[in-house]
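Take a look at the structure set out below.
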Amino acid sequence: MRISSVSIADIEILQQIGKDTFFETFSANNSEEDMKKYLENSFSIPKLTAELNNPDSRFFIVWDDVNAVGYLKVNFGQAQTELQDDTAIEIERIYVKSEYHGQKVGQLLYEKALEIAEQEQMKYVWLAVWEENQRATRFYTKNGFVAFDKHIFRLGDEEQTDIMMKKELR
């Protein structure tokens, strides 16, 4: 497995891996209409272009030999979805294709996020994880994250509760 930074030239690959992994993770718990609308809006080329052009966000794709199998998005400063703390980095997304679960792909992406946080001398890393996503919650707890708050994530007409978690670095 190898990790590469994502540039605007990779936007269609990012779009596809984003749609694939989000659908695999959340489609069973959401209506087809809500999923379709979310995927179209959240992974549109204009939205991804804006995110890629934001200097406070960084994307990385993990590859097996030739296939994109997961990706990471981290945010700093004003790009953070909630806290916008200049001493913190947000892991907004670690998504891995389901057939690669259990193969340490998520751990590899998580370690990349930690490496960036250390390079940038951040005090802590934070993220939000859907309360029903037990696999992800266990993963983050195993890696030293603790819950500190909750927020609402909207997917269509559904309000879903995310657990906000953080890990102190120094």
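The values are calculated or read from the model by the stated rules, or taken from the named source; none is laboratory data. Owing to the predicted nature of the structure, the values given are computational and were not obtained by experimental measurement. Quick reminder, even Gly has a Cβ in these numbers, built from the backbone with ideal geometry, and neighbours come from all protein chains shown. With ligands, DNA and RNA removed, areas are computed over all heavy atoms of the protein, side chains included. Shrake-Rupley method; radii C 1.70, N 1.55, O 1.52, S 1.80 Å.
Filter the range 48-74 down to residues that are within 15 Å of the chain's Cα centre (by Cα) and outside any strand (DSSP E or B) and give me whichever is farthest from ILE11 (Cα to Cα).
ASP56
Quick check on the range 115-125: of everything there that is part of a helix (DSSP H, G or I) and in contact (Cβ under 8 Å) with a residue 40 or more places away in the chain, which residue is nearest to ALA88 (Cα to Cα)?
Initially, the range 115-125 is screened for residues part of a helix (DSSP H, G or I), giving 115-119.
Adding the requirement that they be in contact (Cβ under 8 Å) with a residue 40 or more places away in the chain leaves 116-118.
Values: ILE116: 11, ALA117: 8, GLU118: 10 Å.
By that ranking, first place goes to ALA117.
From the list VAL96, VAL105, exactly one residue is in contact (Cβ under 8 Å) with a residue 40 or more places away in the chain, under 22 Å from LEU52 (Cβ atoms), open to solvent by less than 40 Å² (accessible area, probe 1.4 Å) and touching a helix residue (DSSP H, G or I) at 6+ places or on another chain (Cβ under 9 Å). Which is it?
VAL96
So which residues in the range 28-66 are at pLDDT below 95 and loosely packed, with under 13 Cβ neighbours inside 10 Å?
The answer is ALA28, GLU32, GLU33, GLU40, ASN41, ASP65, VAL66.
So which residues in the range 96-110 are in a helix (DSSP H, G or I), touching a strand residue (DSSP E or B) at 6+ places or on another chain (Cβ under 9 Å) and not hydroxyl-bearing (Ser, Thr, Tyr)?
Those that are in a helix (DSSP H, G or I), touching a strand residue (DSSP E or B) at 6+ places or on another chain (Cβ under 9 Å) and not hydroxyl-bearing (Ser, Thr, Tyr): GLU99, VAL105, GLY106, LEU108, LEU109.
Just checking, how many residues over the range 4-26 are open to solvent by 30 Å² or more (accessible area, probe 1.4 Å) and over 11 Å from ALA68 (Cβ atoms)?
Going residue by residue through the range 4-26, those that are open to solvent by 30 Å² or more (accessible area, probe 1.4 Å) are 4-5, 7-10, 12-13, 15-16, 19-20, 23-25.
Now drop any that are not over 11 Å from ALA68 (Cβ atoms), which leaves 5, 7-9, 19, 23-25.
Residues that pass the stated criteria total 8.
If you go through the range 126-159 one residue at a time, how many are in a strand (DSSP E or B), without any contact (Cβ under 8 Å) to a residue 60 or more places away in the chain and surrounded by 17 or more Cβ atoms within 10 Å (Cβ to Cβ)?
Matching residues across the range 126-159 total 4.
Working only within the range 160-170, note down all residues that are outside any loop (DSSP other than H, G, I, E, B) and open to solvent by 100 Å² or more (accessible area, probe 1.4 Å).
If the condition is that a residue be outside any loop (DSSP other than H, G, I, E, B) and open to solvent by 100 Å² or more (accessible area, probe 1.4 Å), then GLU168 is the only one that fits.
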